[in-house]
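Down below is the structure, laid out as structure tokens.
Any read-out appearing in this document is the output of simple, stated calculations on the displayed coordinates, not a laboratory observation. The structure presented is a predicted model; accordingly, all values stated were derived computationally and were not measured. As a convention, Cβ positions derive from the backbone with ideal geometry for all residues, glycine included, and neighbour counts pool all protein chains shown.
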């Protein structure tokens, strides 16, 4: 009668060991992070100066006060939010907020602040 083969003398594979599983998971996470960072560019095509000019043309007044922010819009898109106002920032006389797509320069929304 033949004896069945045994696993004695052979080592467990990397994926069968707890430490090996952790190492494989870390490698997969690092690769996913690198792919995510290199695929999506967050650098806007429209500069902050261009966004301010677009906002001024849209609202029709040249307020001396300007505040601008680049905020995320979804996972891969960004937009400029430009506030144009007269008076002080804490107590503006006239204020308009313009949202501009940071890639295309398209005005998304204009509202009073």
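Odds and ends about this structure:
- Once the Kirkwood radius over Cα pairs is known for segment 48-112, the Stokes-Einstein relation at 10 °C and 1.306 mPa s delivers a diffusion coefficient of 135 µm²/s.
- Ranked list, fewest to most other Cβ atoms within 10 Å of each Cβ, for 88, 48: 88, 48
- Mean separation of Cα contacts under 8 Å (6+ apart) over length of segment 48-112, as relative contact order %: 28
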